[in-house]
Amino acid sequence: MRITRSAILIAALLTSACGYHLRGAYDLPAGMKAVFLQGGSSALREQLNNALKSSSGRLVDSPEKAEVVLRIMGDTIERRALSLSERGRSNEIELAGHLEYEMLDSKGAVLVTNEPIDFRREYFNDQQDVIAKDNEETVIRTEMYQQVVRTIINRGRAALQGKAK
């Protein structure tokens with residue numbers, strides 16, 4: 001019993017010493033721990049909230065409480081067929097998204113001005129397994145918004161570091 005506890009303790013120490021981080025965790029700069037999100041879809045809000053929580057940050061409910069205000073001017077995802085089967089049903093689907101945002105600091109100074117992000121993914125649409133493909137599209141949309149959040153956080157980090165210099 002004592003050996004098992006010691007082994008677990010050693011494994012935990014080695015894991016923490018090697019720089020291991022939870023997937024999705026970001027190294028948020030000091031000025032980006034409290035974020036107010038103005039606009040955007042519920043999917044974007046959910047992914048930003050998850051990313052901030054896993055990185056010791058949080059979404060706040062008013063701009064007065066925020067270190068950073070993220071304004072979303074446009075947030076759309078369009079779905080279109082890339083190819084059709086002989087029966088006229090879509091074989092391949094493309095999800096194409098466009099988001100525009102700007103980032104302000106707590107004093108209202110612009111950190112990132114009207115920045116566009118375009119993102120897209122394609123997937124095969126198997127007509128024999130329609131329910132699974134609907135679930136796959138949901139997963140793909142989630143992954144797309146995770147990518148968008150990662151891009152926003154990285155650009156915000158760069159802007160805050162540039163401002164500090």
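Hey, what did the chain get for relative contact order, percent, Cα under 8 Å, at least 6 apart?
So the answer I get is 19 percent.
Could I have the simple spin-label model distance between residue 50 and residue 100, label points 7 Å from Cα toward Cβ, reported in nm to one decimal?
Result for the modelled spin labels: 2.8 nm.
Once label points are set 7 Å from the Cα along Cα→Cβ at both residue 8 and residue 62, what is their separation, rounded to one decimal in nm?
For the pair residue 8/residue 62, the computed spacing is 4.5 nm.
Once the Cβ-Cβ distance between residue 155 and residue 124 is put in as r, and R0 is 25 Å, what FRET efficiency do you end up with, to the nearest 0.05?
Taking R0 as 25 Å, the efficiency between residue 155 and residue 124 is 0.20.
Loop only per DSSP, at most 12 neighbouring Cβ atoms within 10 Å: give me the GluC sites (Glu not before Pro) in segment 20-124, ordered by residue number.
Those satisfying the criteria are 86.
What is the calculated FRET efficiency for residue 109 to residue 81, with r their C-beta to C-beta distance and R₀ = 45 Å, to the nearest 0.05?
Efficiency at R0 = 45 Å is approximately 0.50.
Using the Cα centre of the chain as origin and beta-carbon charges of +1 (Lys, Arg) and -1 (Asp, Glu), tell me which of 135, 76, 108 is placed farthest towards the positive end of the dipole.
Towards the positive end, the residue furthest out is 108.
Computed on alpha carbon atoms, what radius of gyration and Dmax characterise the chain, expressed in Å?
20.4, 67
How many lysine pairs in the chain, separated by 8 or more positions in sequence or lying on different chains, have Cα atoms less than 29 Å apart?
Lysine pairs satisfying the spacing and distance rule in the chain number 14.
Can you give the % of DSSP beta bridges in the chain that are antiparallel, to the nearest 5?
80 percent
Quick one: Karplus J couplings for segment 30-46, per residue in order, coefficients 6.51, -1.76, 1.60, θ = phi - 60°, nearest Hz, x for Gly and Pro?
Couplings: 4, x, 10, 7, 10, 10, 9, 9, 10, x, x, 7, 5, 5, 5, 4, 4 Hz.
Values in this text are rule-based calculations from the coordinates and carry no lab data. Since the structure is predicted, the reported quantities are computational estimates derived from the model, not experimental observations. Quick reminder, even Gly has a Cβ in these numbers, built from the backbone with ideal geometry, and neighbours come from all protein chains shown.
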